[in-house]
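One structure is given below, represented as structure tokens, and several questions about it will come after.
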Amino acid sequence: MLLRMRIQPSCRPAWCWTRESLIAGGMCLALALGASCAHASTHDPVRLFSVAYLGDLPTLIALDEGSFQRQGLDVVFERRQSGKQTIQALRAGETDIALMAPTPLVLDLLETPHTGGAEDPLVIASLVYSSRLNHVVALRRHDIRTPTDLADKRVGLMAGTNAEFLWWLFTALHRIDPEEVRVIDLPASSLPQALLEGDIDAAVLWEPWTSRVETMLPQDGLTFLPGSNIYTENWILVASRGVLQRRPETIQRLLSAYQQAIDAIDADPKGALATYAESIELDTLHALHDDDLPLFGLSLDWSLLASLQQLVQWAEDTGKPITEPQPGILSWIDARPLQTLLPAAVSLPMGAAPPEVSSP
């Protein structure tokens, strides 16, 4: 099931949306009587596709707290099942901005390299860097206690996503022969039920699916196999080259909205957790496997570059489709919008800015 929302700008002052609105009530009233909205939208709608995922909490908070409206953005939001689907939507011109893990982006760009055209996808920011978002899990009743117990078992995951890459790292870490494990490709939404019904013995899940499975089982009914934290993931904002060229102010406002959302998470993590729990239809006690939220922040740094390089190596080692010649990895990133907004958040070389495509 797809979630679609349209978030239009409001002329309410920005701070009227905060929990301090009662204190500022007199000021709000004065502005409402005599002032127009500082960021009234004069732009076309911004189509934003994402995924139900803990790493995407800044998007959820930006929608819930009104960050997009305060930046004058008319956001049309749609949720897909995976980053594999959001990059496909971006390529097809169905969205302006797509959020995803780096894995589907790298697979896409290796198979369909940049041409310099308007459809080229470019990373404009990372929102989170965390090793607590993905897990290799099994039902305790299946008597799988250690990674070596997975021999001759069935492991479910969604191919072409961060789950497939994590599984590759996991088998390498624990020296598991991939030929001894049957990997079954299933949509992320189908994995919990497949695990509970015994169609698979273990699964590679990301939040919120991990916590959803936990709530369906007795206490300690789910085994978290050690080594899942070997994978530290970025969650990235990706735009097409054409959108970056035609709508630079919109991109700046979008990044500003995300920074506001991240500030809101930092200021009130319990409130952010409550919003997240409500969105995934779990209570706050069961919405997270870990005790705390991951750390969020806009960045383009060497951790992202290292992740992209590691993914390219994985794709080469596992025989993924690769079209030659391949440009340098830095050509996949446009750091200029974030550099303009938050210079300290960018630590990548700026000399490799991707060339702009001519306007139609």
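Identify, by number, the condition in (1) of a type in the set (A, V, I, L, M); (2) loosely packed, with under 15 Cβ neighbours inside 10 Å; (3) assigned to a loop (DSSP other than H, G, I, E, B) that Leu293 doesn't meet.
(2)
What are the pairs with Cβ atoms under 6 angstrom where one residue, in the range 166-190, is closer than 19 Å to Leu225 by Cα and the other, located anywhere, is of a type in the set (S, T, N, Q) and crowded, with 18+ Cβ neighbours inside 10 Å? Sequence gap at least six, or different chains.
Leu166/Asn134; Pro178/Thr171; Ala188/Ser82
Please specify each residue of the range 116-146 satisfying the condition of being under 27 Å from the mean Cα position of the chain (by Cα) and of a type outside the set (A, V, I, L, M).
If the condition is that a residue be under 27 Å from the mean Cα position of the chain (by Cα) and of a type outside the set (A, V, I, L, M), then Gly116, Gly117, Glu119, Asp120, Pro121, Ser126, Tyr129, Ser130, Ser131, Arg132, Asn134, His135 are the ones that fit.
Give Ile176, Ile265 a once-over and let me know the one that is over 26 Å from Asp108 (Cβ atoms), crowded, with 20+ Cβ neighbours inside 10 Å and either in contact with a Phe, Trp or Tyr (Cβ under 9 Å, 6 or more places away or on another chain) or not assigned by TED's automatic domain parsing to the domain that holds His142 (or both).
Values: Ile176 fails: crowded, with 20+ Cβ neighbours inside 10 Å.
Going through Ile176, Ile265 in turn, the sole match is Ile265.
Looking for something touching a Leu at 6+ places or on another chain (Cβ under 8 Å), aliphatic (A, V, I, L, M), assigned by TED's automatic domain parsing to the domain that holds Phe224 and surrounded by 15 or more Cβ atoms within 10 Å (Cβ to Cβ) - is there at least one such residue anywhere in the range 140-149?
Yes, the conditions are met somewhere in the range 140-149.
The values are calculated or read from the model by the stated rules, or taken from the named source; none is laboratory data. Note that this is a predicted model, so its numbers are computed, not measured. Every residue, glycine as well, gets a Cβ built from its backbone with ideal geometry; the counts of neighbours run over all protein chains shown.
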